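Following: one structure in structure tokens, then a few remarks.
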Amino acid sequence: MNNNYLSVAPEVAEAIATGKPVVALESTIISHGMPYPQNVETALRVEQTIRDNGAVPATIAIIGGKLKAGLSREEIEYLGVKGQEVVKASRRDLPVLVARGADGATTVATTMIIAAMAGIKVFATGGIGGVHRGAETTMDISADLEELAQTPVMVVCAGAKSILDLGLTLEYLETKGVPVIGFGTDELPAFYTRKSGYSVDYRIDTEKELAAAFKAKLSMGLKGGMLVTNPIPECYSMDPEYINKVIDDAVKEAERLGIHGKKVTPFLLAKVAETTAGESLASNIQLVLNNAVLAARTAAYLSVR
Ligand code: PSU
Ligand code: MN
């Protein structure tokens with residue numbers, strides 16, 4: 001594949017060319033996932049954490065129609081200040097945004113696409129999109145799942161929030177042939193909490209083995225990625241009863257207001273953050289940092305040639 005739209009930051013390009021570990025980061029979490037200024041502070045802290053763990057960070061976004069792998073501090077600040085005004089860009093948004101020279105904050109799906117174009121194999125985030133509750137009538141299933149089925153990037157997350165139907169999300173991933181790994185756990189973590197009641201496909205306890213499994217997948221030419229779910233550290237996890245009640249209320253309110261399409265996830269995220277008065281935000285920040293550490297260390301094993 002060759003395209004004139006991809007723009008890889010010099011530091012990232014150098015790392016890829018010389019086989020140094022690189023970790024991709026998404027930008028919807030900056031524009032739509034957290035409020036300003038915590039979004040910018042967190043994005044910069046996550047980048048620093050990746051550096052502290054021996055890898056080069058590549059935050060991904062669409063700026064002026066360019067698919068950027070590696071943003072400057074100013075570009076991160078720009079996306080953070082514009083917040084929800086930036087277009088949330090999933091796979092289907094790419095053609096028009098690029099042709100128009102517009103900006104876009106990349107979801108998990110789009111970040112995977114651009115990471116793969118740049119040659120980056122590991123990506124750290126907070127939560128992924130999935131099958132929404134009630135999807136049997138709304139058909140609201142995140143494009144993130146289709147991307148995991150076709151694009152060769154390892155996504156390190158803290159599981160999925162119960163704004164989704166976690167059982168249906170796992171069924172969908174199984175159908176699509178996406179391995180769901182629990183890092184140090186047999187149970188799928190549910191973002192704010194370490195437990196969900198659902199099992200992962202495999203438990204893996206070391207970064208080295210995570211890398212080995214993904215290398216095997218790539219070597220066999222099996223298309224698609226791998227989902228690594230990393231539980232939030234115990235001390236930052238939230239009370240499941242409390243957070244699940246907050247999420248249930250947010251889902252009901254979204255239904256009542258008739259929110260649909262791409263607005264659903266940002267609406268639910270904002271509602272939960274608002275109701276919990278920042279408590280969930282603190283957990284959210286910590287779990288992203290935790291995932292950044294795991295992704296950076298795993299990328300080191302993947303970059304050994
Ligand atoms: N879930 C979270 N935090 C997020 C998102 C999801 O807990 O920030 C964002 C991610 O960018 C994800 C996107 O890729 O929302 C999914 O949106 P949708 O459900 O519309 O596909
Ligand atoms: Mn959707």
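Structure notes:
- The chain - share of DSSP beta bridges that are antiparallel (%, nearest 5): 30 percent
- Radius 14 Å from Cβ of residue 98, net charge of other residues (Lys, Arg +1; Asp, Glu -1): +3
- With both residues required to sit in region 1-125, DSSP beta bridges show an antiparallel share near 35%.
- Think of the chain as having a plus end and a minus end, set by charges on the Cβ of Lys, Arg, Asp and Glu; of 220, 80, 37, 220 sits farthest toward the positive end of this dipole.
- Base-10 log of normalised Debye intensity for region 8-92 (one unit scatterer per alpha-carbon) at q = 0.16, 0.20, 0.27 Å⁻¹: -0.59, -0.89, -1.36
- Estimated FRET transfer efficiency (residue 255, residue 234; beta-carbon r; R0 45 Å; 0.05): 0.85
- Proximal aspartates and glutamates relative to residue 217, as straight alpha-carbon distance under 13 Å, when same-chain residues fewer than 8 apart are discounted: 209
- Here region 42-171 is treated with +1 on each Lys and Arg Cβ and -1 on each Asp and Glu Cβ, and its dipole about the Cα centre works out to around 320 debye.
- Kirkwood radius and radius of gyration were both taken over the C-alpha atoms of region 206-289, and their ratio Rg/Rh is 1.13.
- Normalising the Debye intensity of region 98-152 to I(0), with uniform scatterers on Cα atoms only, and taking log10 at q = 0.14, 0.15, 0.29, 0.31 Å⁻¹ returns -0.46, -0.52, -1.15, -1.22.
- Kirkwood hydrodynamic radius of the chain, Cα pairs, Å: 18.9 Å
- Taking 25 Å as the limit for the C-alpha separation, the pairs 68/121; 195/271; 161/215 exceed it in the case of 161/215.
- Overall, region 19-91 carries a charge dipole of about 260 debye about its Cα centre when +1 sits on the Cβ of Lys and Arg and -1 on the Cβ of Asp and Glu, all other atoms neutral.
- Dmax and Rg, reported as Rg then Dmax, of region 71-216 (C-alpha, Å): 16.1, 45
- Kyte-Doolittle mean at least -0.5, axial Cα span of 24 Å or more - DSSP H helices of the chain: 279-303
- One equal scatterer on each Cα of region 36-157, no solvent, Debye formula: the resulting log10 I(q)/I(0) at q = 0.12, 0.16, 0.17, 0.20 Å⁻¹ is -0.45, -0.81, -0.91, -1.23.
- DSSP bridge analysis restricted to region 173-305 gives an antiparallel fraction near 25%, rounded to the nearest 5.
- About the centre of its Cα atoms, the chain shows a dipole size close to 800 debye [charges on the beta carbon of Lys, Arg (+1) and Asp, Glu (-1) only; nearest 20 debye].
- Take 123-134, 140-151 and order them by the average number of nearby Cβ atoms within 10 Å per residue, most first; the result is 123-134, 140-151.
Read-outs: derived from the displayed coordinates by stated rules, not from any lab. Since this is a predicted model, take the numbers as computed values, not measurements. Cβ sites come from the backbone with ideal geometry, for glycine too, and all protein chains shown count toward neighbours.
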